[in-house]
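Below you'll find the structure, written out as structure tokens, and then a few comments.
Bear in mind that the values in this text are calculations on the coordinates, not laboratory data. Since this is a predicted model, take the numbers as computed values, not measurements. Please note: Cβ atoms are built from the backbone with ideal geometry, for glycine as well, and neighbour counts cover all protein chains shown.
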Ligand code: HEC
């Protein structure tokens, strides 16, 4: 015996709900929340630090201290982080970071690695 068709309705509604919610979720790109910020700082220390130095004063990669990036605008820095610098060891981080996250990192670097 087949279940009455009405039973299928709540399931259909549940399946349709995420599709309705999607535009709201992807609306204005929000800055990363506190948990993601902690991950980004970890990434900066571990992965970026491998080339830019543990204190970001430079190594294989250039210094990322506030005074040393002061002459570069946010968009240049964000683009460098997301797409890397072709022809140099600076790799693209787009697979791991959203533009908002890269922008937050730039702000964090400009503050000299301090929380807001
Ligand atoms: C494999 C080594 C390597 C890693 C890992 C790396 N970088 Fe770089 N990065 C470089 C090099 C080398 C340059 C200088 C490129 C050049 O000569 O223009 C650079 C340049 C930059 C610049 C531009 C600075 C300037 O003065 O023009 C920024 C910003 C930057 N890196 C951020 C990051 C961030 C953030 C991360 C981690 C998410 C990271 N880098 C990871 C090697 C690296």
Would you please classify the overall shape of the stretch 34-111 from the alpha carbon gyration tensor, given that a ≥ b ≥ c denote the square roots of the eigenvalues, rounded means a/c under 1.5, and beyond that prolate means a/b larger than b/c while oblate covers the rest?
rounded
Point-to-point label distance, residue 41-residue 85, nm (Cα→Cβ direction, 7 Å offset):
2.7 nm
